[in-house]
1. Summing Lys, Arg as +1 and Asp, Glu as -1, what charge do residues with Cβ under 14 Å from the Cβ of THR70 carry, THR70 excluded?
2. Given H placed 1.01 Å from N in the peptide plane, which residues other than close sequence neighbours of VAL92 have an amide H under 5 Å from its amide H?
3. Could you check the spin-label model distance between LEU74 and ARG89? Points 7 Å from the Cα along Cα→Cβ, value in nm.
4. Efficiency by 1/(1 + (r/R0)^6): what FRET value for SER24 and ARG82, r their Cβ-Cβ distance, R0 = 51 Å, to the nearest 0.05?
5. How would you classify segment 10-207 from its alpha-carbon gyration tensor, with a ≥ b ≥ c the square roots of the eigenvalues: rounded for a/c under 1.5, else prolate if a/b is greater than b/c, otherwise oblate?
6. In what sequence, highest mean first, do 25-36, 86-97 appear when ranked by Cβ atoms within 10 angstrom?
7. Determine the dipole magnitude for segment 10-207: charges of +1 sit on the beta-carbon of Lys and Arg, -1 on that of Asp and Glu, nothing else is charged, the reference point is the Cα centre, and the result goes in debye to the nearest 20.
8. Check which residues have an amide H placed less than 5 Å from ARG82's amide H, if you skip close sequence neighbours.
Amino acid sequence: MPKINVYLPEALASAVKEANVPVSAVCQAALTDAVQRIGRTRKGIMALRDPATPAALLGRIGEGIRTRMTPRLLAALETAGRDAKGRARGPVSSLDLLRGLLDDGENLAVRLLLSQGIDIDALAGAVRASHADESGPTAVESADALLGRLTMPGRLACAAALEAVVELGHNYLGCEHLLLGLVAGDGPAHDILVDHGVQAPALRQAINAAAAGVVLERSRSAERSDATVAELARRLDAIERRLAAGPDE
């Protein structure tokens, strides 16, 4: 049977040994799941990039990836799919997707843009002022199936976002991935982002740094929680010893 080396941080390796985790079985199960998930994702990417893919199939792909979307991305897509009066749009363009991201000033995509010195107000103004045409579906099958309503630049952006998820090794789809997809894609949203100084390599590095920061903070939070539990246990033990010693002690 072929052998694959798995490298772990020192603390995790020690914990795995202490817990006597069956590493081979766990890794095989995890890798099997990853192969299946990535395989489905790559098929979805190919379908999004194929102009001949039927809207019904795009709708099913959308249902499949919806469970992996963050709440903020779901909210951004909801905004992108509706016009100023709250009505469902027909074709949804790459500009609509970018507008949906910028509408929420707190998602990670916007925070990353701000960290790179991008003027969000100027960027949003350029999006609103743009009247660029994008080729869209000839017929919209359902107002609920967003992928089936996307223009080709919008579909290419979503395909690039999914590709970024695979390449970065993430198990979720967030606003930052869609932003990266818009920058790496093609169309008016790509042009506006590049004109305002947004570059895919720098954005990818920022996403990696943000992800590493989240992992570090979770690790520190866990350490603080362990220390708190240990302190509580120490105090309870001291109280029990005093009670057991009786009133004369």
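1. 0
2. LEU150, THR151
3. It works out to 2.1 nm between the two label points.
4. 0.55
5. Taking the square roots of the gyration eigenvalues as a ≥ b ≥ c, segment 10-207 is oblate.
6. Working: 25-36: 11.3, 86-97: 19.8.
By packing density, highest mean first, the sequence is 86-97, 25-36.
7. Dipole magnitude for segment 10-207 comes out near 540 debye.
8. Excluding prolines and chain starts, which carry no amide H, the hits are ARG89.
Values in this text are rule-based calculations from the coordinates and carry no lab data. Predicted model only: the values in this text are computed from it and were never measured. Ideal geometry is used to build each Cβ from the backbone, glycine not excepted, and the neighbour counts take in all protein chains shown.
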